[in-house]
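Mind having a look at this structure? Questions to follow.
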Amino acid sequence: MKRIKYEVIKPLIYSKELMDSYSTNSVAGGSLIGKTVLITGATGGIGISLTKRFIAEKCNVLLIGRDNKKLDDLKNELEKSGTGSIIKVLELDLTDLNCGNILTQFIENESLMIDVLINNAGVFTEIDRKRRFRVVTEEQFNTVFDANYIGTKITSKAVADYMVRNKISGTIINISSICAIQRKFQYTPYGISKSAVIKLTEDMRDEYPFLNIKCIAPGSVATRMGDLGEGSNISKKLGVLNRVALPEEIATLAAFLSSDIGREISNGALLASACEVL
Ligand SMILES: NC(=O)c1ccc[n+]([C@@H]2O[C@H](COP(=O)([O-])OP(=O)(O)OC[C@H]3O[C@@H](n4cnc5c(N)ncnc54)[C@H](OP(=O)(O)O)[C@@H]3O)[C@@H](O)[C@H]2O)c1
């Protein structure tokens, strides 16, 4: 019998070929065809991969970002490639406490049935990178906490209530981080905000038992957040993979968890990839 050998490749360059190899075949067995997926932080590294993955699964998408130009460029690029999916964009800053109402109104005006929400928007600041908890100002803390936790909480509640009102047995996936559970980041605003996202996931599972609510806590992912991107060397002494995860892999995981089979994974809201040993 043939055995699959795991090879450690150094350096491993994050290339177009590698991206494509993780974005082609369906991971949802067709169960997501025609569904509408709302993705926050759609203009960032994981957000773009999520968008391409759900479009590859033949979904329609509503993309949220805080920069209209980036959103329009992304929409144009996707439409040029002739996806056949309906692509809608909404400029929304998730630190705006009114963002839940704006979002609900937009969804209602556009008569959208949101089947999947991916709470992916987030920020990681210099103060988090330096892990200097004692000198963090209230303003610095709130900048991170509001974007990562408050925005996630408000959109989750708005969309969950919308799903319940419209009898949609939908999916909500929150993107936390390994920093939520990793000791050296646990006391940073980022780590605290991402721990709160895990707690929110657990609380919402109790509050909305008919919805599929899950949380992914990635380790290092090749995006601008970790100063990595296409062309970067992603081999790193990290976890079992010995490399940084690809945004395409996080997107694949999210699509799988939204699928009919993924929904069957019930106990435990947390999944981590390429994490360091705690
Ligand atoms: N990369 C990693 O190593 C890693 C590891 C674990 C978890 N994560 C999590 O994965 C998620 C995606 O991160 P990424 O790596 O793709 O980072 P990224 O490339 O920096 O993208 C972040 C996205 O969030 C958006 N955003 C930030 N603040 C926002 C706000 N107030 N309102 C609306 N949108 C906002 C950004 O919009 P703009 O384009 O306008 O800036 C961007 O689209 C984040 O939640 C992050 O914490 C990342």
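Answer yes if at least one residue in the range 170-193 is away from the ligand (no atom under 16 Å from the Cβ), at pLDDT 95 or above and outside any helix (DSSP H, G or I), and no otherwise.
yes
Looking at the range 124-147, which of its residues are assigned to a loop (DSSP other than H, G, I, E, B) and under 19 Å from R224 (Cβ atoms)?
So in the range 124-147, the residues assigned to a loop (DSSP other than H, G, I, E, B) come out as 124-125, 131-132, 136-137.
Those that are assigned to a loop (DSSP other than H, G, I, E, B) and under 19 Å from R224 (Cβ atoms): F124, T125.
Filter the range 200-218 for residues that are away from the ligand (no atom under 14 Å from the Cβ) and either of a type outside the set (K, R) or modelled with pLDDT of 95 or more (or both) and give the result. Break it down stepwise before answering.
Taking the range 200-218 and keeping what is away from the ligand (no atom under 14 Å from the Cβ), we get 202-214.
Of everything in the range 200-218, those that are away from the ligand (no atom under 14 Å from the Cβ) and either of a type outside the set (K, R) or modelled with pLDDT of 95 or more (or both) turn out to be E202, D203, M204, D206, E207, Y208, P209, F210, L211, N212, I213.
Return a yes/no flag: does the range 107-123 have any residue that is in a helix (DSSP H, G or I), within 12 Å of the ligand (Cβ to nearest atom) and free of Cβ contacts under 8 Å to residues at least 60 places away in the same chain. Break it down stepwise before answering.
Initially, the range 107-123 is screened for residues in a helix (DSSP H, G or I), giving 107-109.
Next, only the ones that are within 12 Å of the ligand (Cβ to nearest atom) stay: none.
The answer is no, given that none of the residues of the range 107-123 is in a helix (DSSP H, G or I), within 12 Å of the ligand (Cβ to nearest atom) and free of Cβ contacts under 8 Å to residues at least 60 places away in the same chain.
Right, something else. Could you go through the range 60-68 and let me know if any residue there is modelled with pLDDT of 95 or more and touching a Cys at 6+ places or on another chain (Cβ under 6 Å). Working first, answer last.
From the range 60-68, those modelled with pLDDT of 95 or more are 60-68; that's our starting set.
Restricting the remaining residues to those that are touching a Cys at 6+ places or on another chain (Cβ under 6 Å) gives none.
The answer is no; no qualifying residue exists.
Name the pairs whose Cβ atoms lie under 8 Å apart, with the first residue in the range 43-61 and in contact (Cβ under 8 Å) with a residue 40 or more places away in the chain and open to solvent by less than 30 Å² (accessible area, probe 1.4 Å), the second within 15 Å of the ligand (Cβ to nearest atom) and of a type in the set (D, E), and 6 or more positions between them or separate chains?
Short answer, once both residue conditions are applied: S49/E248; R53/E248.
Let me ask something additional. Across the range 153-179, what is the number of residues that are of a type in the set (G, A, S) and over 21 Å from G262 (Cβ atoms)?
Step one: of the range 153-179, the residues of a type in the set (G, A, S) are 156, 158, 160, 169-170, 176-177.
The next check asks that each one be over 21 Å from G262 (Cβ atoms); those that pass are 158.
Selection size over the range 153-179: 1.
Every residue, every condition in (1) in contact with a Leu (Cβ under 8 Å, 6 or more places away or on another chain); (2) of a type outside the set (D, E); (3) more than 24 Å from I265 (Cβ to Cβ), yes or no:
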| site | (1), (2), (3) |
| --- | --- |
| R132 | no, yes, yes |
| N166 | no, yes, yes |
| I173 | yes, yes, no |
| K194 | no, yes, no |
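Another question, if that's okay. Do you know which residues across the range 22-42 are aliphatic (A, V, I, L, M) and open to solvent by 10 Å² or more (accessible area, probe 1.4 Å)? Walk me through it before giving the result.
In the first step, residues of the range 22-42 are kept if they are aliphatic (A, V, I, L, M); the result is 27-28, 32-33, 37-39, 42.
Hits for the range 22-42 are V27, I33.
Here's a follow-up. Is there any pair with a first residue in the range 219-243 that is under 15 Å from L18 (Cβ atoms) and within 6 Å of the ligand (Cβ to nearest atom) and a second that is part of a loop (DSSP other than H, G, I, E, B) and among the β-branched types (V, I, T) whose Cβ atoms are under 8 Å apart and which are 6 or more apart or on different chains, and what are they?
Final answer for the pair search is V221/V244.
Under 22 Å from G45 (Cα atoms) and either modelled with pLDDT of 95 or more or open to solvent by 20 Å² or more (accessible area, probe 1.4 Å) (or both): does that describe D146? Explain how you work it out, then say what you get.
Working: under 22 Å from G45 (Cα atoms): yes; either modelled with pLDDT of 95 or more or open to solvent by 20 Å² or more (accessible area, probe 1.4 Å) (or both): yes.
So D146 passes the test.
Moving on to the next point. Scan the range 215-231 and tell me whether some residue there is over 25 Å from V144 (Cβ atoms) and not hydrophobic (A, V, I, L, M, F, W, C).
yes
Now for a separate question. So, in the range 227-278, how many residues would count as being outside any loop (DSSP other than H, G, I, E, B), modelled with pLDDT under 80 and open to solvent by less than 50 Å² (accessible area, probe 1.4 Å)? Give the derivation first.
Pass one, the range 227-278, residues outside any loop (DSSP other than H, G, I, E, B): 233, 235, 243, 245, 247-258, 262-264, 270-273.
Filter again for modelled with pLDDT under 80, leaving 270-273.
Those still in the list that are open to solvent by less than 50 Å² (accessible area, probe 1.4 Å) too: 273.
Count: 1.
Then there's this: On the given criteria, is S156 in a loop (DSSP other than H, G, I, E, B) and either at negative phi or buried (at least 18 other Cβ atoms within 10 Å of the Cβ) (or both)? Outline the logic, then answer.
On the way: in a loop (DSSP other than H, G, I, E, B): no; either at negative phi or buried (at least 18 other Cβ atoms within 10 Å of the Cβ) (or both): yes.
When the stated conditions are applied, S156 does not pass them.
Can you name every residue in the range 124-143 that is among the hydrophobic types (A, V, I, L, M, F, W, C) and open to solvent by less than 40 Å² (accessible area, probe 1.4 Å)?
Looking only at the range 124-143, we keep the residues that are among the hydrophobic types (A, V, I, L, M, F, W, C), and these are 124, 127, 133, 135-136, 141.
Listed by number, the residues that qualify are I127, V136.
Given the structure, is I64 within 15 Å of the ligand (Cβ to nearest atom) and open to solvent by less than 10 Å² (accessible area, probe 1.4 Å)? Even if it seems obvious, please write down each step before you answer.
Details: within 15 Å of the ligand (Cβ to nearest atom): yes; open to solvent by less than 10 Å² (accessible area, probe 1.4 Å): yes.
Taking the combined requirement at face value, the residue satisfies it.
The values are calculated or read from the model by the stated rules, or taken from the named source; none is laboratory data. The model shown is predicted, which means the values in this text are computed figures rather than measured ones. So basically every Cβ, Gly included, is an ideal-geometry build from the backbone, and we count neighbours across all protein chains shown. Protein only, heavy atoms only, side chains kept; ligands, DNA and RNA dropped before computing areas. Shrake-Rupley method; radii C 1.70, N 1.55, O 1.52, S 1.80 Å.
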